[in-house]
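To start, the structure itself, in structure tokens.
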Amino acid sequence: MKKLFALVLALAMVLTLVPAMAEGNVLRYGAETEPAGFDPHTISSHASIRVMNQVYNQLVDVNENLEVVPELATSWEISDDNLTYTFHLADNVYFHSGRKMTAEDVKYSYERILNPDLGALGNSASYAGGVDTIEVVDEATVKMTLKAVNVAFLSSQSSSYCSIVDKDVVEANEGSLLRADAGTGPYTLGEWVADNHVTVNAYDKYFNEAGKASFDAIEFYVMTDASSRLNALRTGAVDLIVADTAMLDLVGENDPIQVISYQTRDYVGLFMNCGREPFSNPLVRQAVNYALNREEINDFAYNGTAAISGFIPASMGHWAVDVNEKDYYTQNIEKAKALMAEAGYPNGFETVITVGLEDGIRDMGMVAQQQLAEIGIKAEVKNEENAQYIDDWKAHNFDIMICHNGAGSDPNRGVAFFFSSTGSANIQDYSNARVDELCVLGASTTDDAQREAYYKEAINIILDECATAIVSCPMAYFLASPALQGYAPSASNTSDFSGVTLNK
Amino acid sequence: MRDYIIRRLLGLIPILIGISVAIFVIMQLIPGDVVSGILGIEQTPELREMWERKLGLDKPLVEQYFNWIGKAVTGDFGESFRTGAPVFPEIISRFKISAELAILGCIIAWIIALPLGIISALKRNSVIDRIVRVVALMGVSIPNFASATLIILFLAKGFNYHTPVKYVGLLENFGTNMEIMLLPAFILGSVMAGSVMRMTRSSMLEVLRQDYIKAVRAKGAPEKVTIFRHAFKNSSIPIVTLIGMQIGSLMGGTVVIEQIFSIPGLGQLTLTGITQRDFPVVQGCVLFIAFVYVIVNLLVDILYTYIDPRITYT
């Protein structure tokens, strides 16, 4: 009674105030986590990258079909030895400071990435780490020479880790861009109230007509609580929110809310530690693969929306290998038991499945635990908080770990980074000399058909040796107000708002 | 009195040192570190080494601690490992928001609890008393995250209403700020109200039983004077103690409400700091919260001397 009375009182107070609605043409975005600053070279947080994608540009971009397309560089030439890349820059690019971007800025940006004292994320083999020299040819031309041939180099330069930054702004901020705007993007970095919102404002001197800002501003709100996010969308307080499969149940059949989804290039599955007994035995790993019922896991963890997949998902186009042809992708308990007996574990063994905070991963752990019990593997599911999970990931400290990885935009990332013996994300200590050889060949061959053959051979070896038991390639979801039009996220770009409109 | 205050403030020093050591040790003991958080999947041994050097994490632990404390005594709480922002100004800006929320919550709690507690004591065992007691029990026992979520849902479904999502400071726009803060403050206040109400009731009952109240009544004092000047004032010491403790714990303890309502308060800052293993932020926040807690309780102790002049500190 008291609560109701007080609630009515509070309501009356609240409703008498004029609701402060957003003015102008503003897109309000409900994000799930707080950004960690906005230095494109040192920040890997998704929430930050989403904002930085509005503020920064790179030399090139990768489209939905994984083709490299121009961005700040309008064209480029690659030398016959595949070591030298000459980029021709667009001549109408202006930094948010108003200064014109030149080849000097490109040189400076790459030197910043390669500076060992910055600890830039792009300073690794997957991105710009292989750059040997950078040379300014003229104001609009820059030449980069690699230490070794790397066919994936060009596409990897589309990463936000390889953004072009304004030298003057970096220097004015004593080298830190965490809170500064040194970009050329369609929006400028505006107000940042940590744990509440960050605003980006339209930049009228953006160089590319097609990518111009379609809003006066975009406001990214931090709404960690999923139900608050949905309620904010329902009441029109925000226009677009990040969602997960669990939230879809709350959107009814005739609900005006739009569900927007795309197939990711991510994959989720069981990583078995090949450096540890008993998973060092390929027979055990095969048994695990045969023991899993991937459809059942998928139904439980992703409401059946994810696609059954290998570690190079079908969304990677012609690079993917069809896993449905693989015998071990169909559950076969008898076969699994036979393999266990052959490996010397007729009565199974005890093990631990390490899972992180993500809902899909946790659910997958629970179902896998039950399915593995059928072949005598008694698994304990260990739930870990994020920092601890990353720690164990880094230390290769697990029996089975369920991981959610991104396959990237080139198989060099998807194969070599995770499965070659020197790959820095090869957390399961998988090692196969032929795979290593194929990774080197794949990265240094320019002929596409030949590359495909190399990578497919490597992918098949890794799959058949059952280095992992990948389950599926999940969908990603957004929920939007009915007024939002033209938002078409893809695995290549989830934060492209050019051409998006709000019909209020 | 002045000596007492100085003594209490000096007593803060060992408390703060103790807390800072404890936080430092705990942050070292829990698995996970800030570099892993920054680099995530991209980490290589070389990148890791660079970041450890950059953040000073390559130094021996004792040296790390003394470097930090050495700066802290000069008022420099360092910079956030994650965002590079100086910690102290960030804490102050968050504190203002948390303090506003806590104070509003308290005012709402008092408005609800004090009159009802007094009425409940005066009409002991009546129907009103019983209703008040049940409602108070409900207030204490319904977790605030549940009531907050339900109220948001109710407002969204019933009135298509949501509190403004963009935080605006009190001085920037009073109306919008109140619109953002009143609902969460009400939810916090309703939880506090339950315990304040119960405390008011039992404390009042105790005082009303005293002989001097009989004497006041026998003297022919009007009932209002008896209740407010004589009974309530004397029964307010435990209530003030309780409120002091509640304000203190609200500083960092409103994190769930802050998350649900996207309010950038001190609790959120601390929690983000902990999940990201951002040592300077966690250390700064916890010390600041401890400091506020001690100061609020000191103020409460000083307040006692005004409520009951017999209390003196030497």
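Stretched out straight at 0.36 nm per residue, the stretch from residue B:21 to residue B:141 would grow longer than its current Cα-Cα span by 39.7 nm. Placing dummy labels 7 Å off each Cα toward the beta-carbon, the span from residue A:117 to residue A:434 is 4.9 nm.
Taking each residue of B:267-276 in turn, how many C-beta atoms of other protein chains fall within 10 Å of its C-beta, and what is the average? All intermediate terms of the calculation are to be shown ahead of the outcome.
Values: counts 1, 6, 3, 0, 2, 7, 0, 2, 6, 5.
Mean inter-chain Cβ contacts per residue within 10 Å come to 3.
Here the protein assembly as shown is assigned +1 on the Cβ of each Lys and Arg and -1 on the Cβ of each Asp and Glu. Its dipole about the Cα centre then comes out at about 5720 debye.
At a Förster radius of 35 Å, what calculated FRET efficiency corresponds to the Cβ-Cβ distance of residue A:75 and residue A:441, to the nearest 0.05? It would help to have the intermediate numbers written out before the result.
Details: r = 28 Å, r/R0 = 0.81.
It comes out at approximately 0.80.
For the range A:141-183, the alpha carbon convex hull comes to 109 Å³ per residue, rounded to a whole number. Our compactness index for the protein assembly as shown, the C-alpha radius of gyration over the empirical 2.2 N^0.38 Å, is 1.09. The residues of the range A:373-411 occluded by other protein chains by 20 Å² or more of accessible area, set against the chain on its own, are A:385, A:387, A:388, A:390, A:391, A:393, A:394; surface from heavy atoms, 1.4 Å probe.
With coordinates expressed along the principal axes, the C-alpha atoms belonging to the range A:60-172 extend over 36, 31, 30 Å, beginning with the largest.
Paramagnetic label reach from residue B:67 (point 7 Å along Cα→Cβ; backbone nitrogen cut-off under 15 Å): within the range B:74-101, residues B:77-82. In the protein assembly as shown, the DSSP-assigned H stretches of four residues or longer account for a calculated mean residue ellipticity at 222 nm of -15000 deg cm²/dmol, using -39500 (n - 2.57) per stretch and the full residue count as denominator.
Which entries of A:100/B:54; A:143/A:212; A:100/A:205 have Cα-Cα distances beyond 22 Å here?
From A:100/B:54; A:143/A:212; A:100/A:205, over 22 Å: A:100/B:54; A:143/A:212.
Summing both sides, the accessible surface hidden between A and B at a 1.4 Å probe radius is close to 5300 Å².
Residues whose amide H falls under 5 Å from that of residue A:354, counting only those 5 or more places apart or on a different chain, are A:382, A:399, A:400, A:401, A:402, with hydrogens built in the peptide plane. Projecting the Cα atoms of A:264, A:502, A:444 onto the charge dipole of chain A, computed from C-beta unit charges around the Cα centre, puts A:502 farthest toward the positive end. Under 20 Å from a label point 7 Å along Cα→Cβ of residue A:100: give me every residue in the range A:131-147 with its amide N that close. Backbone N within reach: A:136-143. Counting only protein heavy atoms and a probe of 1.4 Å, the accessible surface of the protein assembly as shown is 58% carbon and sulfur.
Remark: spin-label model distance residue A:488-residue A:64 equals 0.4 nm, labels positioned 7 Å along the Cα→Cβ axis.
Suppose all protein chains stay in the model; what accessible area per residue would a 1.4 Å probe give for chain A, in Å²? Mind showing how you got there, number by number?
Values: 19200 Å² over 504 residues.
Ligands and nucleic acids excluded, the figure is 38 Å² per residue.
The residues of the range B:2-72 expose on average 55 square angstrom of accessible surface per residue, using a 1.4 Å probe on protein heavy atoms.
Could you give each residue of the range A:26-34 its phi-based ³J(HN,Hα) in whole Hz, using Karplus coefficients 6.51, -1.76, 1.60 with θ = phi - 60°, and x for Gly or Pro? Couplings: 10, 9, 10, 10, x, 9, 8, 9, 7 Hz.
The residue A:324 and residue B:150 beta-carbon pair, evaluated with R₀ = 45 Å, returns a calculated FRET efficiency of approximately 0.45. Across the range B:223-240, coupling constants 3J(HN,Hα) worked out from phi with the 6.51/-1.76/1.60 Karplus curve, θ = phi - 60°, read 4, 4, 5, 4, 6, 7, 6, 9, 6, 5, 4, 6, 8, 7, 4, x, 5, 5 Hz, and Gly and Pro carry x. Here residue A:179 and residue B:46 are evaluated by their C-beta separation; at R0 = 22 Å the FRET efficiency comes out at 0.25. For chain B, the longest principal axis of the alpha carbon atoms and the long axis of helix B:144-159 meet at an angle near 80°. Run the numbers on the range B:164-193: which residues show a drop of 40 Å² or more in accessible area, chain on its own versus all protein chains together, using a 1.4 Å probe over heavy atoms? Listed by number, the residues meeting the 40 Å² cut-off are B:165, B:166, B:179, B:182, B:186. The slack between residue B:291 and residue B:241, meaning 0.36 nm per residue of separation minus the straight C-alpha distance, is 16.3 nm. Counting pairs of alpha carbon atoms under 8 Å apart in space and at least six apart in sequence, what relative contact order in percent does chain A give? The normalised contact order for chain A reaches 18 percent.
Of B:35, B:99, A:248, which is farthest on the positive side of the dipole of the protein assembly as shown, counting Cα position, with +1 on Lys and Arg Cβ, -1 on Asp and Glu Cβ, and the Cα centre as origin? Comparing the listed Cα positions along the dipole, B:99 ranks first. One equal scatterer on each Cα of chain B, no solvent, Debye formula: the resulting log10 I(q)/I(0) at q = 0.15, 0.16 Å⁻¹ is -1.24, -1.31. A 1.4 Å probe run over the range B:87-307, with the rest of the protein chains in place, finds 42 Å² accessible per residue.
Here the relative contact order of the range A:60-172, from alpha carbon pairs under 8 Å that lie six or more residues apart, stands at 29 percent. Couplings for the range A:232-244, taken from phi via the Karplus curve 6.51 cos²θ - 1.76 cosθ + 1.60 with θ = phi - 60°, read 5, 5, 4, 8, x, 6, 10, 9, 8, 10, 6, 10, 10 Hz in order; Gly and Pro are left as x.
The values are calculated or read from the model by the stated rules, or taken from the named source; none is laboratory data. Note that the structure is a prediction, hence the values are computed from the model and not measured. For neighbour counting, all protein chains shown are included, and Cβ atoms are generated from backbone atoms with ideal geometry for every residue, glycine included. The accessibility values were calculated without ligands, DNA or RNA, using every heavy atom of the protein model including side chains. Shrake-Rupley method; radii C 1.70, N 1.55, O 1.52, S 1.80 Å.
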